[in-house]
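So the structure is just underneath, and the comments pick up after that.
The values are calculated or read from the model by the stated rules, or taken from the named source; none is laboratory data. Bear in mind that the values here come from a model prediction, so they are computed numbers and not experimental data. Cβ placement follows ideal geometry from the backbone for every residue including glycine, while neighbour counts extend to all protein chains displayed.
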Amino acid sequence: MGKKEYSTIYKIMHWSIAFCMLFLLLTIFLRLTWMNKNNVADIMQQFMAEKDVDMSRDDLVLMAKKIRQPMWIWHIYVGYVLVGLYAIRLALPFLGQMKFSNPFQKALPAKVKFQFWVYIVFYICVGISLVTGLFLEFGPENLEETMEEIHVLSLYYLLGFIVLHFGGILLAEMTTEKGLVSRIIGGPVNK
């Protein structure tokens, strides 16, 4: 397989989706760590104690949730952007751009089939994440708990994909695809 050149549309879609996914991952990371409602409530409780102000733990947790709410609103907005990008990505093959690779081709080497399957699974998982996220915003309340569980699990496929993606890029750069990173960032354009 020769060195692949990437079209402008491919680069824009790749980086737009990548930045959205990384932003969403950052908001999840912050929500689970520094901006965790209990951590923020602990900090407020310590501050209030120094000022001789008494507040219930429930009120502190509620206030902590309000503090981090703007960040979570951005998570939702970027999720909407990702829904739009995903829809465009699914439509592009019908417009003659960014065709999905077929892993069922018999002549493909095992490594290439594996790469194709990874991307198919990735797009299916992204679709599941987006649908469950939309259900959390607009769906019936009786499905909220189930949708949230599935949506939270999406963190794990995303982390797994990132590891596989960066590992594959590193391997390709060091072996058969030297210059891959520079081609996807800005190299020559294949129209």
> Residues of the range 29-60 being closer than 30 Å to Leu155 by Cα, without any contact (Cβ under 8 Å) to a residue 24 or more places away in the chain and of a type in the set (A, V, I, L, M), which ones?
Replying inline: Leu32, Ala41, Ile43, Met44, Leu60
> If you check Leu95, Leu155, Leu143, which single one turns out to be touching a helix residue (DSSP H, G or I) at 6+ places or on another chain (Cβ under 8 Å), surrounded by fewer than 16 Cβ atoms within 10 Å (Cβ to Cβ), of a type outside the set (Lys, Arg) and modelled with pLDDT of 90 or more?
Replying inline: Leu143
> When only residues in the range 81-102 that are free of Cβ contacts under 8 Å to residues at least 60 places away in the same chain and not in a helix (DSSP H, G or I) count, which is nearest to the chain's Cα centre (by Cα)?
Replying inline: Phe100
> Within the range 111-164, how many residues turn out to be among the charged types (D, E, K, R) and closer than 15 Å to Phe100 by Cβ?
Replying inline: 1
> Using beta carbons and a limit of 7 Å, which pairs, at least six apart or on different chains, have the first residue in the range 156-178 and farther than 19 Å from Met21 by Cβ and the second one basic (Lys, Arg) and not in a helix (DSSP H, G or I)?
Replying inline: Glu177/Lys3
>> When the residues of the range 103-136 are narrowed to those that are polar (S, T, N, Q) and farther than 30 Å from Trp74 by Cβ, which ends up farthest from the chain's Cα centre (by Cα)?
In response: Gln105
> What tally of residues in the range 158-184 results from selecting those that are farther than 15 Å from Phe122 by Cβ and either modelled with pLDDT of 85 or more or small (Gly, Ala, Ser) (or both)?
Replying inline: 8
> How many residues are part of a helix (DSSP H, G or I) and not hydrophobic (A, V, I, L, M, F, W, C) if we restrict to the range 3-23?
Replying inline: 5
> Out of the range 110-143, which residues are touching a residue at least 12 places away in the same chain (Cβ under 8 Å) and within 23 Å of Glu5 (Cα to Cα)?
Replying inline: Val112, Gln115, Phe116, Trp117, Val118, Tyr119, Ile120, Phe122, Tyr123
> Can Ile150 be described as closer than 18 Å to Leu85 by Cβ and hydrophobic (A, V, I, L, M, F, W, C)?
Replying inline: no
>> Restricting to the range 24-68, give me the number of residues that are among the hydrophobic types (A, V, I, L, M, F, W, C) and not in a helix (DSSP H, G or I).
In response: 4
> Checking Lys51 against (1) under 30 Å from Phe166 (Cα atoms); (2) surrounded by fewer than 14 Cβ atoms within 10 Å (Cβ to Cβ), which test does it fail?
Replying inline: (1)
> Of everything in the range 71-80 that's among the β-branched types (Val, Ile, Thr) and in contact (Cβ under 8 Å) with a residue 40 or more places away in the chain, which residue is farthest from Met21 (Cα to Cα)?
Replying inline: Ile76
